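> Pasting in a structure now, in structure tokens, and then I'll have a few things to ask.
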Amino acid sequence: MKESQIRTFEDLKCWKACRELRIFVAKEIVPRLPKHEKYTLSNQILDAARSTTANIAEGYGRYHYLDNAKFCSNSRGSCWEVLDHLITAYDETFISNELYLEGRNLVSDAVKLINGYMNYLRRVGSKNELHDDVSEYITCTQADIYDND
């Protein structure tokens, strides 16, 4: 893959970080929550985690920097919502401190990458450019933007 181009939202590091968070919530957190939380905390945290990746994907498909940035903002809000649910799960002794801290770190990493991508979108948007060339991605190195797998 050419280093300065992204072909799909799946190439974005922020989406990959949110995907890691979503998988962590689904596989490590939800199974540990009590059955009586199935339709409350379990659903809420899983919905928020799924929203992190879905909003990045939807924004990417809009092909306009303002729309894309708005959906990234929604994704960032969902990350913070996941963190709040993790705090609740920890406070109510449903999860260990280790799981809580791991989740907190995943949220932090995802938010940092989303912020970097949003800054890039705003900067190129002010120049009326499309987001296909990410060589000027702000706050992150090119390796932080996408993988060349």
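Just so you know, all these numbers are worked out from the coordinates, no wet-lab data involved. No experiment lies behind these values; they were computed from the predicted model shown. Cβ coordinates were reconstructed from backbone atoms using ideal geometry, including for glycine residues, and neighbour counts include every protein chain displayed.
> Specify which of the listed residues (Thr40, Thr93) is assigned to a loop (DSSP other than H, G, I, E, B) and surrounded by fewer than 20 Cβ atoms within 10 Å (Cβ to Cβ).
The unique qualifying residue is Thr93.
> Can you spot a residue in segment 34-46 that is of a type outside the set (A, V, I, L, M) and under 17 Å from the mean Cα position of the chain (by Cα)?
There is at least one residue in segment 34-46 that is of a type outside the set (A, V, I, L, M) and under 17 Å from the mean Cα position of the chain (by Cα).
> In addition: So in segment 56-90, with the set limited to residues that are basic (Lys, Arg) and closer than 20 Å to Arg19 by Cβ, which one is surrounded by the fewest Cβ atoms within 10 Å (Cβ to Cβ)?
My answer is Arg62.
> Also, quick follow-up: For the structure I just gave you, tell me whether Tyr100 is assigned to a helix (DSSP H, G or I) and either of a type in the set (A, V, I, L, M) or under 17 Å from Asp11 (Cα atoms) (or both).
no
> Restrict the check to segment 50-69 and report whether at least one residue is under 24 Å from Val124 (Cβ atoms), charged (D, E, K, R) and assigned to a loop (DSSP other than H, G, I, E, B).
Yes, because at least one residue in segment 50-69 is under 24 Å from Val124 (Cβ atoms), charged (D, E, K, R) and assigned to a loop (DSSP other than H, G, I, E, B).
Yes/no per residue for (1) closer than 17 Å to Gly103 by Cβ; (2) among the β-branched types (Val, Ile, Thr); (3) in contact (Cβ under 8 Å) with a residue 40 or more places away in the chain:
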residue: Gln5; (1), (2), (3): no, no, yes
residue: Leu12; (1), (2), (3): no, no, yes
residue: Trp15; (1), (2), (3): no, no, yes
residue: Cys18; (1), (2), (3): yes, no, yes
residue: Ile23; (1), (2), (3): yes, yes, no
residue: Ile29; (1), (2), (3): yes, yes, yes
residue: Pro34; (1), (2), (3): no, no, yes
residue: Thr40; (1), (2), (3): no, yes, no
residue: Gln44; (1), (2), (3): yes, no, yes
